[in-house]
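The values are calculated or read from the model by the stated rules, or taken from the named source; none is laboratory data. Note that the structure is a prediction, hence the values are computed from the model and not measured. So basically every Cβ, Gly included, is an ideal-geometry build from the backbone, and we count neighbours across all protein chains shown.
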There are 2 protein chains.
Amino acid sequence: MAQILRGAPAAAALTEEVKEEALRLRERGVVPTLAILRVGEREDDLAYERGAMKRAAAAGISVKNEVLPADADNETFCRVLEGLNEDASVHGILLFLPLPPQLDGERARRLMRAEKDVDGCTDGSLAGVFLNKKLGFPPCTAEAVMELLHYYGIPVSGKKAVVIGRSLVIGRPVSMLLMHENATVTICHTKTPDVAALTRKADIVVAASGQMESVDSGFLAEGQVVIDVGISWNEEKGKLCGDVLFEEAEPLVSAITPVPGGVGAVTTAVLMRHVIEAANGRR
Amino acid sequence: MAQILRGAPAAAALTEEVKEEALRLRERGVVPTLAILRVGEREDDLAYERGAMKRAAAAGISVKNEVLPADADNETFCRVLEGLNEDASVHGILLFLPLPPQLDGERARRLMRAEKDVDGCTDGSLAGVFLNKKLGFPPCTAEAVMELLHYYGIPVSGKKAVVIGRSLVIGRPVSMLLMHENATVTICHTKTPDVAALTRKADIVVAASGQMESVDSGFLAEGQVVIDVGISWNEEKGKLCGDVLFEEAEPLVSAITPVPGGVGAVTTAVLMRHVIEAANGRR
């Protein structure tokens, strides 16, 4: 029976810290503010937005919502984004990606100021992750993984970590964050011949391929810590599932994040910390 | 008996390609030009400069030497660097690092234009390596490793690579270059408890810790390809040595780079290719 690494208490603890910082900022006359820029009404964007707004309210962070219709043109979109860049009362910008096909996502990423890029989508933020420098912010999901490990007192330094997935949203940045904390990291991907042989040797497994329930007991071993970043709707089971086959993994390993309620639950709390850091001018 | 992966033929082949490109540029009235900015007279800088100038001559690339005294002040140094940034006849800038202590190396790295950063020292270049995008250029030594692997037809995709060292000059960028070519990469460093256990399982070992002759036969296994990036003066032996204990490694593994005459021999050829790419406006 594994320890279940629930996100909620980690998120609550982080939210408390953020709330205190937000209060201090307000006392100095600064209202920490997150702008959420959404184009269209995609269901997963709306769900994340609801979660972020609830978390912002709990943390004492003000939210400015900018919503454009799904068929917005590039000019309108860029004008709104530039407006948020220029607006000194906005400290962080959360932009839902991918954008609809008529909009130029690459241009949007180049346009956004790294110091307001609280979800780490710009080149500047990602460079900071690679260089281990405070340029922009790491993607929130990648940092949420680290936050969970810290909250539950799981040692990282000197440990073997195997990350499944090399995306710029999670696999690559979380690998760098783990390495900066002195883990020895192996990055697996679709061209890795025998992922299971590598993950079985790890102390920490981060499953971030987006392949639902692909990590079964054959990938895992006793004593491991398993962080599941995946979240997909399992039609057959009629519920949300991660990249890890939880019912096989949980009896075997020493600690595991649930899905939902694991990494995902911490992401918005990390986002709020980034807004506070941006408001404090730390980037 | 291992295959000896000498750098010279790889460098010569690359130089031939570069020379043809340089000729084409000259026919269009563009003289591909590398500026070498050196502060002081450090012996290793001078040695590299001589090598680069010889390679440039062979490749048909013009060199503009800027030399400042070892006690140059920040203002003078920055004025010279900015001059090279602005000078349209200069396509690439090689800046010897580290700078003397009175100069601000961080500022210099921020000042240099990524599109002229032919040895990949700026944040922009390193972001390009992480993101796998044509922003700036990878550090020449990291790319020289890939060049050697390609020249000798050593497959990378699907292979296990273990990199010893996580520096921004070589360990981290070469790990990313290997990963972008679909190797499964493990990055070892000073906090890795048992490097030898990891390297013994690799198909490709890249030794880049800077610890002279630290990789002995206990780290290696039959059938491996060993790339030695180290170069240090061995007082006892009275010769240059790499990070690998060559006399133990060579009888065991399937292929190995010599030191000197391995990776180092390819570095200036890669530098010249970067100058051509910069002159072609490819960044």
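Data overview
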item	result
Residues of segment A:111-150 satisfying the condition of being β-branched (Val, Ile, Thr) and within 13 Å of chain B (Cβ to nearest Cβ)	A:Thr122, A:Val129
Candidates A:Glu106, A:Glu147, filtered to the one that is acidic (Asp, Glu), at pLDDT 95 or above and either out of contact with any Cys (no Cβ under 6 Å at 6 or more places or on another chain) or surrounded by 18 or more Cβ atoms within 10 Å (Cβ to Cβ) (or both)	A:Glu147
Search result, residues across segment B:162-177 that are more than 10 Å from chain A (Cβ to nearest Cβ) and hydrophobic (A, V, I, L, M, F, W, C)	B:Val163, B:Ile164, B:Val169, B:Ile170, B:Val174, B:Leu177
Top-ranked residue in segment B:248-269 [being among the β-branched types (Val, Ile, Thr) and in a loop (DSSP other than H, G, I, E, B); ranked as farthest from B:Gly171 (Cα to Cα)]	B:Val253
Leading residue by the ranking (surrounded by the fewest Cβ atoms within 10 Å (Cβ to Cβ)) among those in segment B:159-218 that are of a type in the set (Ser, Thr, Tyr) and touching a strand residue (DSSP E or B) at 6+ places or on another chain (Cβ under 9 Å)	B:Ser214
